[in-house]
Amino acid sequence: MTRRLVVAITGASGAVLGLSALQLARTLDDVETHLIVTRAGRETVHLELDMTVKDVAALADEVHADNDLASPLASGSFPVTGMLVAPCSVTSLSAIAQSYDATLTVRAADVTLKERRPLVLMLRETPLHAGHLRLMSEVTASGGIIMPPVPAYYLKSDSVTEMARQTVARAFDLIGMPLPDTRRWTGREEDA
């Protein structure tokens, strides 16, 4: 049975996270990806990646316009395995926390929560104030998972791309789609 993964790229810095999610999903035989790129996310892709939005979209099985509230992703009757918002802006976090379903990104996240499916928000903001923390708490209380893209420094990655891929691979774990090549902590290596 095909698993469906929704990937939303919003306007926060870190478009490489959404790109990595699409690339990693392609390594799994039974995963169908559904991509949403917000208006601000399009600008972030343009500014941060050496690719166009069209190039990024070509990595997805299906692409949905963020203003298309008639998309299948807007209904709980369209089964998905989970949703990853990578990166997640504070604007998107706020709308998701308040169920402000004016865009497909927010509606799809709201549907994911109401259907009790995994929703992982890779929030890209620092430092945080009390309002941000309150919104994160509200999403968590509704069943969402807040996963700031904090790299695993112990893996001693050599590039931003490698750190992003490893962090997104951990998000795949949370969605229930573990990747076989994910580097994992195996304990402290003793000095020889």
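Rule-based calculations on the coordinates, nothing more; no lab input. On a predicted model such as this, the values are computed, not experimentally measured, just so you know. All Cβ positions, glycine included, derive from the backbone under ideal geometry; neighbour counts span all protein chains shown.
Over region 118-186, what portion of Cα pair distances is larger than 18 Å, expressed as a whole percent? Beyond 18 Å sits 45 percent of the P(r) for region 118-186.
Write out the trypsin sites (Lys or Arg not before Pro) in region 120-192 meeting two conditions: DSSP loop, and at most 11 other Cβ atoms within 10 Å of their Cβ.
Working: sites: Arg124, Arg134, Lys156, Arg165, Arg170, Arg183, Arg184, Arg188; in loops: Arg124, Lys156, Arg183, Arg184, Arg188.
Passing sites in region 120-192 are Lys156, Arg184, Arg188.
Scalar couplings 3J(HN,Hα) for region 112-123, obtained by applying the Karplus form with A = 6.51, B = -1.76, C = 1.60 to θ = phi - 60°, are 4, 5, 5, 8, 6, 9, x, 10, 10, 10, 8, 5 Hz; x denotes Gly and Pro.
With one equal scatterer per alpha carbon and no solvent term, the Debye-computed log10 I(q)/I(0) for region 1-43 at 0.31, 0.33 1/Å reads -1.06, -1.14.
Considering helices alone, the calculated mean residue ellipticity of the chain at 222 nm is -11500 deg cm²/dmol, with DSSP H runs of length four and up weighted by -39500 (n - 2.57) and normalised per residue. A Stokes-Einstein calculation at 25 °C with viscosity 0.890 mPa s, built on the Kirkwood radius of region 1-150 over Cα pairs, returns a diffusion coefficient of 164 µm²/s. Sites listed here are chymotrypsin sites (Phe, Trp or Tyr not before Pro) in region 83-192 whose DSSP assignment is loop and whose Cβ has at most 10 other Cβ atoms within 10 Å: Trp185. Here the Karplus relation 6.51 cos²θ - 1.76 cosθ + 1.60, evaluated at θ = phi - 60°, turns the backbone of region 11-21 into coupling constants of x, 5, 4, x, 4, 4, 5, x, 4, 4, 4 Hz, with x for every Gly and Pro.
Computed from phi, the 3J(HN,Hα) profile of region 24-32 under the Karplus parametrisation 6.51, -1.76, 1.60 (θ = phi - 60°) reads 5, 4, 5, 7, 9, 5, 10, 10, 10 Hz, with x in place of Gly and Pro. First select every other residue whose beta carbon is under 14 angstrom from the beta carbon of Glu162; then total the charges, Lys and Arg +1, Asp and Glu -1. In short, +2.
Size descriptors for region 66-155: radius of gyration and Dmax over Cα atoms are 13.2, 44 Å.
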